[in-house]
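Have a look at the structure below, then the notes.
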Amino acid sequence: MNQIAIKDIIDRKRKNGKKIVVLTAYDFPFAKLVDQAGVDIVLVGDSVGMVCLGYDSTVPVTMRDMLYHVKAVSRAVKHALIVADMPFGSYDTVERTLRNAKRLIQQSGANAVKLEGGSFVLDQVKALVGSGCPVMGHVGMTPQTASQLGGYKVQGRNPEDAERLVKEAQALERAGVFSIVLECIPASLSEQITKILKIPTIGIGAGPSTDGQVLVLHDMLGFESSVKPRFVRRYAELSNTVVDAIRKYSEDVRDGEYPTLDESFQ
Ligand code: KIV
């Protein structure tokens with residue numbers, strides 16, 4: 001099976017209407033499983049900061065963290081398109097954006113980068129697209145600037161904010177993004193944006209009308225976390241499975257049940 005290309009993602013909306021499946025992954029073993037299961041896009045999200053590094057936001061995540069995780073994921077993925085998040089502070093000037101995106105794409109194996117925000121990233125998006133780096137946009141609740149948005153809250157509920165988000169999504173499309181994440185906005189607003197744009201929208205907490213969906217892998221697999229947002233559906237309860245397995249192993253070691261002679265070299 002060939003690796004999915006940017007054009008295949010755009011064609012999903014323009015030609016066949018098949019929903020785009022996106023899931024995060026941050027390391028080799030999970031990226032391998034996610035790819036094997038047949039998702040279209042693996043997102044190495046800066047959610048790595050909360051999921052794998054123990055931070056309470058995405059803000060402390062550095063380029064060094066992202067490069068390390070993108071490299072591990074790209075060694076595992078054979079089929080899906082790999083999108084890497086640009087972390088906080090890595091795209092605040094055009095020059096810095098180009099340098100850092102090239103490190104993610106050229107040195108680490110990402111196929112595209114994702115930037116959060118609307119009007120303040122337009123120059124960066126244009127420069128990236130102009131230099132051949134595919135870009136995914138991200139508007140609505142943007143975790144890197146959550147404190148400016150009043151916390152992790154649904155955005156675009158009042159008419160002015162909704163209009164601003166529509167305009168930002170359109171401006172990002174004009175700037176050249178190949179798709180756009182809509183995070184935590186009302187379902188009716190994401191339906192409106194999805195209808196207006198020619199590029200695919202990828203929703204998270206944005207209702208059923210987007211052209212694709214993304215979730216944080218550890219949320220949908222049921223790894224323990226302090227919050228479970230309303231939009232997360234759990235497809236497994238892996239925290240419980242893992243703790244049960246480790247308890248059983250500990251019990252077996254303590255009781256002398258493991259290892260047996262069959263599990264030993266003679
Ligand atoms: O970092 C991330 O995982 C993301 C998704 C939640 C869209 O940006």
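Read-outs throughout are calculated quantities, based only on the coordinates presented, and are distinct from any laboratory measurement. Please read these numbers as outputs of a predicted model, since none were measured by experiment. Glycine also receives a Cβ, built like all others from the backbone with ideal geometry; neighbour counts cover every protein chain displayed.
Under the rule of -39500 (n - 2.57) per DSSP H run of 4 or more residues, summed and divided by the residues of the chain, what mean residue ellipticity at 222 nm is obtained, to the nearest 500 deg cm²/dmol?
-11000 deg cm²/dmol
Please check: in the Gaussian network model of the chain (C-alpha springs, under 10 Å), which one of 171, 84, 31 has the largest mean-square fluctuation.
Comparing 171, 84, 31 in a Gaussian network model of the chain, the most mobile one is 171.
Top mean-square fluctuation among 241, 93, 58, Gaussian network model of the chain, C-alpha springs under 10 Å?
Of 241, 93, 58, the most mobile in the Gaussian network model is 241.
Can you tell which of 205, 235, 190 lies farthest toward the positive end of the dipole of the chain, using +1 and -1 charges on the Cβ of basic and acidic side chains (Lys, Arg; Asp, Glu)?
Towards the positive end, the residue furthest out is 190.
Could you give each residue of the stretch 94-101 its phi-based ³J(HN,Hα) in whole Hz, using Karplus coefficients 6.51, -1.76, 1.60 with θ = phi - 60°, and x for Gly or Pro?
For the stretch 94-101, the Karplus curve yields 4, 4, 5, 4, 5, 5, 6, 5 Hz.
Scanning the chain for chymotrypsin sites (Phe, Trp or Tyr not before Pro) in DSSP loops with at most 11 other Cβ atoms within 10 Å, what's the longest stretch left with none?
No qualifying site falls inside 1-234, the longest such stretch.
Using only alpha carbon pairs under 8 Å that are at least six residues apart, calculate the relative contact order of the chain and give it in whole percent.
The value is 16 percent.
Expressed as an acute angle from 0 to 90° and rounded to the nearest 10, what is the orientation of the C-alpha long axis of helix 159-175 relative to the principal long axis of the chain?
Around 90 degrees separate the two axes.
What Kirkwood Rh does the chain have if only Cα atoms enter the pairwise 1/r average? Answer in Å. Please report the intermediate quantities before stating the final value.
Details: mean 1/r = 0.0516 Å⁻¹.
Averaging 1/r across every pair of different Cα atoms and inverting gives 19.4 Å.
Looking at the chain as a GNM with Cα springs under 10 Å, which of 147, 250, 131 has the largest mean-square fluctuation?
Taking springs between Cα atoms under 10 Å, the residue moving most is 250.
List the pairs from 32/167; 19/228; 198/228 whose alpha-carbon separation is above 30 Å, in the order I gave them.
32/167; 198/228
Based on alpha-carbon centroids, what's the gap between the stretch 30-98 and the stretch 131-146 in Å, whole number please?
Their Cα centres are 13 Å away from one another.
To the nearest 10 degrees, how steeply does helix 187-196 sit against the main Cα axis of the chain, on a 0 to 90 scale?
60 degrees
Whole-Hz Karplus ³J(HN,Hα) for the stretch 75-92, in order, using 6.51 cos²θ - 1.76 cosθ + 1.60 and θ = phi - 60°, x for Gly and Pro?
Working through the residues one at a time gives 6, 9, 8, 10, 10, 6, 7, 9, 10, 10, 6, 8, x, 3, x, 8, 9, 8 Hz.
Would you pull out the residues with amide H under 5 Å of residue 181's amide H, same chain only if 5 or more places away, H placed 1.01 Å from N?
Residues meeting the criterion, in which the H sits 1.01 Å from N, are 137, 138, 139, 202.
Defining a contact as two alpha carbons under 8 Å apart and six or more residues distant in sequence, what relative contact order in percent does the stretch 83-133 show?
Answer for the stretch 83-133 is 44 percent.
From the backbone phi of the stretch 146-155, what are the Karplus-calculated ³J(HN,Hα) couplings (6.51 cos²θ - 1.76 cosθ + 1.60, θ = phi - 60°) in whole Hz, Gly and Pro given as x?
Karplus-based 3J(HN,Hα) across the stretch 146-155 equals 4, 5, 6, 9, x, x, 7, 10, 4, 10 Hz.
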